[in-house]
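**Q** Before I ask anything, here is the structure I am working with.
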Amino acid sequence: MTSGGPGPDGEPEPAGEQILRPADRRTLEQYLSHLRIERGLSSNTLDAYRRDLTRYLADLARRDVDPTAADPQQLGAWLQSVRTGADGGSPLSAASAARSLAAVRGLHSFLDAERVSTTGDPSRLVPSPTLPKRLPHPLSIDQVETLIDAAGRPGTGRDATERALRDRALLEVLYGLGARISEATGLDVDDIDPQERAAVLRGKGDKHRVLPVGRFALAALEAYLTRGRPTLAARGSGSPAVFLGSRGTRLTRQAAWQVVRRAAEEAELMDLAEPISPHTLRHSYATHLLHGGADVRSVQELLGHASVTTTQLYTQVTVDTLRETHASAHPRAQ
């Protein structure tokens with residue numbers, strides 16, 4: 001989906017925002033304010049809600065439908081249009097369409113609770129797209145080590161050594177703590193306690209969890225904090241962030257993604273079944289814990305999952321791996 005013109009803060013507006021009616025804009029801002037204040041959602045999550053809801057409200061505006069009077073048939077028509085791109089945006093996969101529908105459901109639930117909807121909550125009668133069952137593809141332990149080693153090799157240019165120390169520490173945190181990319185980039189220096197070998201991660205909804213830091217991750221962090229970060233920090237204005245960019249400010253999520261991508265290229269791991277991303281390291285962390293004998297409930301706590309159902313996805317990966325091993329090794333398994 002393409003972006004619109006500049007918004008009030010200079011950033012591009014989400015596509016379709018220019019045609020929103022004034023009443024729809026007010027509804028959108030009221031709901032986003034509710035999510036920010038009442039539910040404590042992060043700015044990244046709020047941005048995603050804004051994009052999805054802007055596309056939805058723009059489609060309703062083109063159909064001359066008021067969101068407070070929308071019915072299930074109109075929601076179904078919108079859902080079909082975003083799947084095919086008939087609304088003028090990029091076609092969405094089943095997973096992306098389901099995410100958009102979740103945002104729309106939240107909006108209609110809010111309008112219903114505020115008693116401004118004339119049709120109740122029509123989204124309850126709209127089924128979610130059927131999602132294909134996708135299991136994560138973890139890296140092997142050897143592949144993880146190759147990736148981290150590649151990240152720690154200095155390149156060329158200014159601060160090559162400092163950036164290599166930072167990049168290795170970043171990947172050690174992503175894999176050694178199972179951190180989400182936002183949790184890693186949100187890490188502050190005071191969140192790390194070397195004596196206790198522990199770190200505080202801020203997860204979704206500003207939930208905190210204290211995690212053990214293994215010796216490899218701790219060594220990489222100490223090397224970066226003592227020999228790499230001071231050079232980068234000298235260019236900034238005192239950011240508390242652990243991971244800094246070339247200007248001394250907090251490393252962005254996008255820049256952290258590029259660190260992982262460059263390491264994958266350097267390690268020649270670009271031809272795998274799925275592209276390597278920061279979340280690949282989180283998948284690998286969980287899978288390797290289960291392979292090592294950790295129980296599902298402990299892994300749930302370490303990952304910060306609200307429901308054990310999410311964590312149980314990794315147990316299926318483990319069972320599949322054992323099945324492959326059994327099939328290839330046992331004489332009567334064929």
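The values are calculated or read from the model by the stated rules, or taken from the named source; none is laboratory data. Because the structure is predicted, anything quoted here is derived from the model rather than measured. In this analysis, Cβ positions are derived from the backbone assuming ideal geometry, glycine residues included, and neighbour counts consider all displayed protein chains. Remember, those area values only see protein heavy atoms, side chains included, never the ligands or the DNA or RNA. Shrake-Rupley method; radii C 1.70, N 1.55, O 1.52, S 1.80 Å.
**Q** I'd like the FRET efficiency for residue 306 and residue 86, computed as 1/(1 + (r/R0)^6) with the beta carbon distance as r and R0 of 30 Å, rounded to 0.05. Write out the running numbers ahead of the final one.
**A** Numbers: r = 35 Å, r/R0 = 1.16.
Result of the calculation: an efficiency of 0.30.
**Q** For the pair residue 234 and residue 64, how long in nm is the line joining their label points, each one 7 Å along Cα→Cβ?
**A** The two pseudo-label positions are separated by 6.7 nm.
**Q** May I pose another question? For segment 179-317, what is the accessible area per residue in Å² when the probe is 1.4 Å?
**A** Heavy-atom accessible area per residue stands at 52 Å².
**Q** Let me ask something additional. Could you tell me which trypsin sites (Lys or Arg not before Pro) in segment 124-186 are loop residues by DSSP with no more than 14 other beta carbons within 10 angstrom of their beta carbon?
**A** Answer in residue order: 133, 134, 158.
**Q** In whole Hz, with x marking every Gly and Pro, tabulate ³J(HN,Hα) for segment 220-226 from phi via Karplus 6.51 cos²θ - 1.76 cosθ + 1.60, θ = phi - 60°.
**A** Result, ordered by residue: 5, 5, 5, 5, 5, 5, 8 Hz.
**Q** DSSP loop (so not H, G, I, E, B), at most 16 other Cβ within 10 Å: list which GluC sites (Glu not before Pro) in segment 80-188 pass both filters.
**A** 114
**Q** Using 0.36 nm per residue of separation minus the Cα-Cα distance, give me the extension gain between residue 137 and residue 254 in nm, one decimal. Don't skip to the end; give the middle numbers.
**A** Values: separation 117, 0.36 × 117 = 42.12 nm, distance 2.18 nm.
That pair, residue 137 and residue 254, stretches by 39.9 nm at full extension.
**Q** Let me ask something else. Please work out the Cα convex hull volume for segment 63-118 and give it in Å³ per residue. Spell out each step's value before the answer.
**A** Working: hull volume 4.1 nm³, N = 56.
Taking only Cα atoms, segment 63-118 has a hull volume of 72 Å³ per residue.
**Q** Sticking with this one: According to a simple spin-label model (label point 7 Å from Cα along Cα-to-Cβ), what is the distance in nm between residue 265 and residue 210?
**A** 4.1 nm
**Q** Next question. Would you kindly calculate the mean projected area, averaged across all directions, of the convex hull enclosing the Cα atoms of segment 179-298, in square nanometres?
**A** Values: hull surface 35.5 nm².
Mean projected area for segment 179-298: 8.9 nm², to one decimal.
**Q** Just need the Rg to Rh number for segment 127-232, please, alpha carbons only, Kirkwood Rh.
**A** 1.05
**Q** On to the next question. So which GluC sites (Glu not before Pro) in segment 185-274 end up in coil per DSSP with only 11 or fewer other C-beta atoms within 10 Å?
**A** 196, 268
**Q** Grab the beta carbon distance between residue 119 and residue 95, set R0 = 41 Å, and tell me the FRET efficiency rounded to 0.05.
**A** My answer for the efficiency is 0.90.
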